[in-house]
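Only the coordinates and a few stated rules stand behind these numbers; no lab work does. Treat the numbers as computed from the prediction; the structure is a model and nothing was measured. When we count neighbours, we look across all protein chains shown, and the Cβ atoms used for this are built from the backbone with ideal geometry, even at glycine.
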There are 2 protein chains.
Amino acid sequence: MLVLVTYDVVTKTAIGQKRLRKVAKTCENYGLRVQNSVFECVVDATQFKQLQLALQGIIDKEEDSLRFYQLGNNYKSKVIHVGAKETFNVEDTLIL
Amino acid sequence: MLVLVTYDVVTKTAIGQKRLRKVAKTCENYGLRVQNSVFECVVDATQFKQLQLALQGIIDKEEDSLRFYQLGNNYKSKVIHVGAKETFNVEDTLIL
């Protein structure tokens, strides 16, 4: 299923900036960055749980905001992109 | 239906900053800001089309990125929030 992860991390302090980097780094392990604070992750239920736990362990719950949107398996028709930085299909094979 | 709008607007110039303000202002007419660059809008098909056209008329398609995610009508169980700035139910009555 496609899970969209969006976040606001308060980066006024060095600790906040570190949290932001860790959140992005963690999301990169599960999906694709489509905007600055938006990742699209194709995951199964177990991976989704792992991702939630990992991110909850990083953010400051008093300061930062984290949202997950579950778009299911038939998500391709549900996403519209306009403008710069169009992403590739997250399920396409990655050629290294 | 719930439509999620996410955007990255390049704000290196005054014109970019103006675009960002206009994008946010337009989204405010259709829904609720849940994060800095994320709005949740409960709209019908006509309103969704209007919103898309309005935003496409504001952004610089070479620089900015705009994404729409359609979460359908049964979206409440599809959204998970963690941390600060929990939003109110977008369909609750707004008391002025």
Which value, in nm² and rounded to one decimal, describes the direction-averaged projected area of the C-alpha convex hull of the protein assembly as shown?
12.2 nm²
Ranked list, fewest to most other Cβ atoms within 10 Å of each Cβ, for B:Glu28, B:Glu40, A:Glu63
B:Glu28, A:Glu63, B:Glu40
Have a look at B:Ile58, B:Ile15, B:Ile80 and tell me which one the Gaussian network model of chain B (Cα, springs below 10 Å) gives the largest fluctuation.
B:Ile80
Going 7 Å from Cα along the Cα-Cβ axis for the label, what nanometre distances separate B:Gln52 from the same residue across the other copies?
3.1
Which residue fluctuates the most in chain A, going by a Gaussian network model with Cα springs under 10 Å, if the choices are A:Thr11, A:Thr26, A:Thr46?
A:Thr46
Residue by residue through the stretch B:51-67, the couplings from Karplus 6.51 cos²θ - 1.76 cosθ + 1.60 with θ = phi - 60°, in Hz, x for Gly and Pro, are 4, 4, 5, 4, 5, 5, x, 9, 6, 8, 5, 7, 10, 9, 10, 9, 10
Defining the label point at 7 Å along Cα→Cβ, can you sort the distances from B:Arg21 to the same site in each other copy, shortest first, in nm?
3.4
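With the Cα gyration tensor of the stretch A:1-57 in hand, give its eigenvalues times 5 under a square root as the equivalent ellipsoid semi-axes, listed largest first in whole angstrom.
21, 12, 8
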Along the charge dipole of chain A, pointing to its positive end and built from +1/-1 on Cβ of Lys, Arg, Asp and Glu, which listed residue (A:Ala14, A:Val43, A:Leu32) has its Cα farthest out?
A:Ala14
With chain A treated as a Gaussian network of Cα nodes joined by springs under 10 Å, which of A:Ser65, A:Ser37, A:Ser77 yields the largest mean-square fluctuation?
A:Ser77
